[in-house]
Each structure stands twice: as C-alpha cells, then as structure tokens.
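Step one of this worksheet: look at the structure below.
The values are calculated or read from the model by the stated rules, or taken from the named source; none is laboratory data. Everything quoted here is computed from the prediction, not taken from an experiment. A quick note on method: Cβ atoms are made from the backbone with ideal geometry, for glycine too, and the neighbour counts reach across all protein chains shown.
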C-alpha cells in the first residue's frame, strides 16, 4: 500500500511538473517541479521512458532550425566562431589549472572541465568511457552541472533584463555560459524567440568542439573509445535550416513549429529534473563543488565580456 501511494504521488508530481511548464511555456517550472518530485518522493515514475527527454530536446532543436533559416545559421556561426573557440580553449585551460591548485581527482576534473567548456552532460557522457571514469565521478559531475544549469535557468533572464541585453547578445551569452544544450535553449526561450535562435546556433557550434576534445583525450588516455562523429541531431538542425530557406513555409506552420518546440523543451527539462536523486547529490565533495562552481563563476562573466567585446 505504501509503495502504491508513493507511486501515485510520484505520478502526480511528474504530471504537475509537465502541465505547469506547458501551461506557462516555461521550462524552469517543469525542471524545478520535476526535481522536487524526485527529491521529496524518491521515485521517478517515468524512468522507463527517460530516453524520451533526450529525444524531446533534439526534436525541439531541429524544429527551431525551420524558423532560423540557412542564411541566418551561417551568419551567426561566422559572427561567433572566434568567440566560441576562445571560450572553449580558455575554459579547458583554466579548469585544468584550477584542478591542479585544488588537488582535484584527475578524472573528475576532466569531466567537469570538459562539461563546462563544451556541453555539460553530453561532454561528460562522451568523455567518461574514454578516461574510464568511475560511476561516482560521472554522478558527481552530472549533479553539479545540473545544479548550475538550474541556477542559470532561474537567474540569467533577470540578469539579462537588468543589464538591458539585446536578444542577440543574451542568446550568445547563455550559449557559452550555460553547460547543457537543454538549459541553454530553455533559458534563451524565456528571454525571447530571437535569443533562442541565436543561442541554439551558437551552442551547437560549441558542441562540435566535443569531437576534437574526445579525440585528443582519447590519445592521451590511449583509449579506443574516442571516435570522430557529429551528433545526428546537429545535422538534422542544419538540414531543417536549409529546408526553411528554400521551401516556402507559411507563417502559421512556422508558429506551430515554434509552439511544438517549446512544448517539447518543457518535457525534456521536466524529465531531466526527475533524474536527479538524493544519492547522487550526496556524493558531491567540497573539492568538486569548489572546482565546478569556481570555474563557472569565472567563465560565465568572461563569456558575457567576450560577447559584448566581439
């Protein structure tokens, strides 16, 4: 009976997280309510379909490609290519320097530095088998990245308003300063549609740096797990942008794509929230927090200065 009641409350919490997020079109609500459900009740009722969250995110990004257009994709990529390169390389260098100062565990430092520099959970999941990271290293890195993403999702839009950032500047900033693609797009969407399109394009360009990073780390660790491959959803995003430029699509259809994209983004963030449990958070050490938080505190404002300067 107790288990049944627990599951019922878990389903209620998960449903509420998704409904509130969709109703207000705000992924932050879905994220927080999903996380609260998992931490308070201890059950993820959607664990069997957890992969749907990743699929929802990727589909949302591809649909944004139709509203962006290929010309804009090329323009934004060219405008911010140097900024992305400086940010990624600078963050990696700073991360490893801080890890040495703090005497952090090498593999954990590699995961945190790579996740902060490039694409959060995706980078961590990619690098983990290459460096043969232990489950606790992966869990700690993932938990910290998630917490920083949640913090950014709740605070960055207000910072943008306070600094009176343009849609383009805000989109480029969050594409650099926030770890995971899901949180980047969600935060930018809260600020505005233009910010979301810029953020998605710049972020995907940043994600491509995972290819050479994985290859180099593989050489250092002499791992056969390192492979040069481009994530399929990035190719689909580019294809959607091309089709959006050369195939006439009515404004009604584009608006429909935008609504579906935002809804799928809410679903993705809600399911991410349901994945974080107390056991994972309990593994975090002070060195991990110092490295992850310290690195992010330094590179987030640096990213904004880079965007405004260039």
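For residue 240, are the conditions met, namely being assigned to a helix (DSSP H, G or I), in contact with a helix residue (DSSP H, G or I) (Cβ under 6 Å, 6 or more places away or on another chain), modelled with pLDDT of 85 or more and buried (at least 22 other Cβ atoms within 10 Å of the Cβ)? Judged against the criteria, residue 240 is a match. Apart from one condition, residue 193 fits all of (1) out of contact with any helix residue (DSSP H, G or I) (no Cβ under 6 Å at 6 or more places or on another chain); (2) under 22 Å from residue 24 (Cβ atoms); (3) modelled with pLDDT under 90; the exception is (3). Go through the residues of the range 160-172 one by one and say whether even a single one is closer than 19 Å to residue 237 by Cα and surrounded by 24 or more Cβ atoms within 10 Å (Cβ to Cβ). Yes, the conditions are met somewhere in the range 160-172.
Taken together, the criteria exclude residue 10 from residues that are within 21 Å of the chain's Cα centre (by Cα) and not in a loop (DSSP other than H, G, I, E, B).
Considering only residues in the range 124-139 that are modelled with pLDDT of 80 or more and closer than 15 Å to residue 220 by Cβ, the one that is surrounded by the most Cβ atoms within 10 Å (Cβ to Cβ) turns out to be 127. Going through (1) on the phi < 0 side of the Ramachandran plot; (2) without any contact (Cβ under 8 Å) to a residue 40 or more places away in the chain; (3) more than 15 Å from the chain's Cα centre (by Cα) one by one, residue 188 falls short only on (3). Residue 66 meets the stated requirement of being farther than 20 Å from residue 299 by Cα, crowded, with 21+ Cβ neighbours inside 10 Å and either out of contact with any helix residue (DSSP H, G or I) (no Cβ under 6 Å at 6 or more places or on another chain) or modelled with pLDDT of 80 or more (or both). The test for being more than 27 Å from residue 80 (Cβ to Cβ), in a helix (DSSP H, G or I) and at pLDDT 85 or above holds for residue 253.
Contact annotation: residue pairs with Cβ atoms under 6 Å, 6 or more positions apart or on different chains, pairing a residue in the range 246-268 that is surrounded by 13 or more Cβ atoms within 10 Å (Cβ to Cβ) with a partner that is modelled with pLDDT under 85 and outside any helix (DSSP H, G or I), are 262/25. Restricting the range 274-292 to residues that are modelled with pLDDT of 80 or more, in contact with a helix residue (DSSP H, G or I) (Cβ under 8 Å, 6 or more places away or on another chain) and not in a loop (DSSP other than H, G, I, E, B), the residue that is farthest from residue 98 (Cα to Cα) is 278.
Across the range 38-63, the qualifying residues are those that are part of a helix (DSSP H, G or I), out of contact with any helix residue (DSSP H, G or I) (no Cβ under 6 Å at 6 or more places or on another chain) and modelled with pLDDT under 80, and the one among them that is farthest from residue 269 (Cα to Cα) is 48.
Scanning the range 285-300 for residues that are in contact (Cβ under 8 Å) with a residue 40 or more places away in the chain and surrounded by fewer than 17 Cβ atoms within 10 Å (Cβ to Cβ), we see that the one that is nearest to residue 27 (Cα to Cα) is 293. For the range 221-237, a residue qualifies if it is at pLDDT below 85 and either closer than 15 Å to residue 62 by Cβ or surrounded by 13 or more Cβ atoms within 10 Å (Cβ to Cβ) (or both), and the qualifying residues are 221, 223, 225, 226, 230, 231, 232, 233, 234, 235, 237.
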